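Participant: One structure, as structure tokens, below. Some questions next.
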Amino acid sequence: MTIARILHTKGAEVVSVPPDASGREIAEVLARHRIGAVLVRDGEGRVVGIVSERDLVRCMARNGEAPDHTPAQGLMTQVLSTVTRATTIGEALALMTDRRVRHLPVMEGGALLGMISIGDLVKARIEEAEHEAQTLREYVTAA
């Protein structure tokens with residue numbers, strides 16, 4: 001199964017913030033949408049980074065206080081790990097494990113097509129395993 005199939009089911013909506021959004025605003029966006037990361041996009045819509053819950057926690061640990069007034073550009077990870085629609089679930093899981101991230105933007109030719117999370121990948125793996133088990137049961141029953 002590929003990322004394209006997950007996006008087909010999940011959709012392509014991506015929550016993002018501008019580079020000047022404050023840490024408080026980002027936390028509110030994360031809570032409101034019940035997500036763990038937001039993309040940071042400039043005025044032209046280009047992805048310039050990602051801010052995750054981990055980034056907020058790291059800033060708090062580094063500064064000793066909540067990053068209420070720290071802008072996204074001071075919190076974000078700038079070097080993004082990304083996937084394409086053709087990336088397999090296994091490849092995406094391996095990338096997440098290797099890079100220690102839980103969210104991957106889906107990009108092709110510089111265009112943002114969506115974003116997937118570790119939860120999306122685990123859900124797809126479970127569905128894949130359940131389908132395979134059902135197919136095997138049907139095969140054994142028919143024999």
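The values are calculated or read from the model by the stated rules, or taken from the named source; none is laboratory data. Everything quoted here is computed from the prediction, not taken from an experiment. Neighbour counts are summed over all protein chains in view; Cβ atoms, including those assigned to glycine, are modelled from backbone coordinates with ideal geometry.
Participant: Since V51 meets every condition but one in (1) at pLDDT 95 or above; (2) not in a strand (DSSP E or B), which condition does it not meet?
Facilitator: (2)
Participant: A follow-up question, please. Can you tell me which condition D68 does not meet? The list is (1) touching a strand residue (DSSP E or B) at 6+ places or on another chain (Cβ under 7 Å); (2) modelled with pLDDT of 90 or more; (3) in a loop (DSSP other than H, G, I, E, B), and all the others hold.
Facilitator: With (1) touching a strand residue (DSSP E or B) at 6+ places or on another chain (Cβ under 7 Å); (2) modelled with pLDDT of 90 or more; (3) in a loop (DSSP other than H, G, I, E, B) applied to D68, the lone miss is (2).
Participant: Which of the residues that make up segment 69-99 are surrounded by fewer than 16 Cβ atoms within 10 Å (Cβ to Cβ), of a type outside the set (V, I, T) and over 23 Å from K10 (Cα atoms)?
Facilitator: Answer for segment 69-99, where residues must be surrounded by fewer than 16 Cβ atoms within 10 Å (Cβ to Cβ), of a type outside the set (V, I, T) and over 23 Å from K10 (Cα atoms): H69, G74, Q78, D98, R99.
Participant: Applying the selection to segment 25-45, what residues are aliphatic (A, V, I, L, M) and more than 13 Å from V14 (Cβ to Cβ)?
Facilitator: If we filter segment 25-45 for residues that are aliphatic (A, V, I, L, M), which is where we start, we get 26-27, 29-31, 35, 37-40.
Answer for segment 25-45, where residues must be aliphatic (A, V, I, L, M) and more than 13 Å from V14 (Cβ to Cβ): I26, A27, L30, A31.
Participant: Let me spell it out: the conditions are (1) in contact with a helix residue (DSSP H, G or I) (Cβ under 8 Å, 6 or more places away or on another chain); (2) on the phi > 0 side of the Ramachandran plot, and G64 meets all of them except one. Which number is the exception?
Facilitator: Failing condition for G64: (1).
Participant: Mind listing just one residue for me: the one in segment 133-143 that is assigned to a helix (DSSP H, G or I) and among the hydrophobic types (A, V, I, L, M, F, W, C) and, of those, nearest to H8 (Cα to Cα)? If you could, list the steps in order and put the result at the bottom.
Facilitator: So the first thing to find is which residues in segment 133-143 are assigned to a helix (DSSP H, G or I), and the list is 133-142.
From the residues that got through so far, the ones that are among the hydrophobic types (A, V, I, L, M, F, W, C) too are 133, 136, 140, 142.
Working: A133: 23, L136: 26, V140: 32, A142: 32 Å.
Out of the qualifying residues, it is A133.
Participant: Can you tell me which residues in segment 74-132 are touching a residue at least 12 places away in the same chain (Cβ under 8 Å), assigned to a helix (DSSP H, G or I) and within 15 Å of T2 (Cβ to Cβ)?
Facilitator: Scanning segment 74-132 gives I89, A92, L93, L95, D120, L121, A124, R125, E128.
Participant: To continue, here is another question. Looking at A37, A92, A31 in this structure, which one is of a type outside the set (K, R) and touching a helix residue (DSSP H, G or I) at 6+ places or on another chain (Cβ under 6 Å)? Give the derivation first.
Facilitator: Values: A37 fails: touching a helix residue (DSSP H, G or I) at 6+ places or on another chain (Cβ under 6 Å); A31 fails: touching a helix residue (DSSP H, G or I) at 6+ places or on another chain (Cβ under 6 Å).
Result: A92 is the single residue among A37, A92, A31 that is of a type outside the set (K, R) and touching a helix residue (DSSP H, G or I) at 6+ places or on another chain (Cβ under 6 Å).
Participant: Does any residue in segment 39-68 that is in contact (Cβ under 8 Å) with a residue 60 or more places away in the chain come within less than 7 Å, Cβ to Cβ, of a residue that is of a type in the set (D, E, K, R) six or more places away or on a different chain, and which pairs are these?
Facilitator: Here the result reads V47/R41, each pair linking segment 39-68 to a residue that is of a type in the set (D, E, K, R).
Participant: Name the residue, out of T84, T88, that is β-branched (V, I, T), at pLDDT 90 or above and more than 30 Å from V57 (Cβ to Cβ). Step through it out loud before you land on a result.
Facilitator: On the way: T84 fails: more than 30 Å from V57 (Cβ to Cβ).
The match here is T88.
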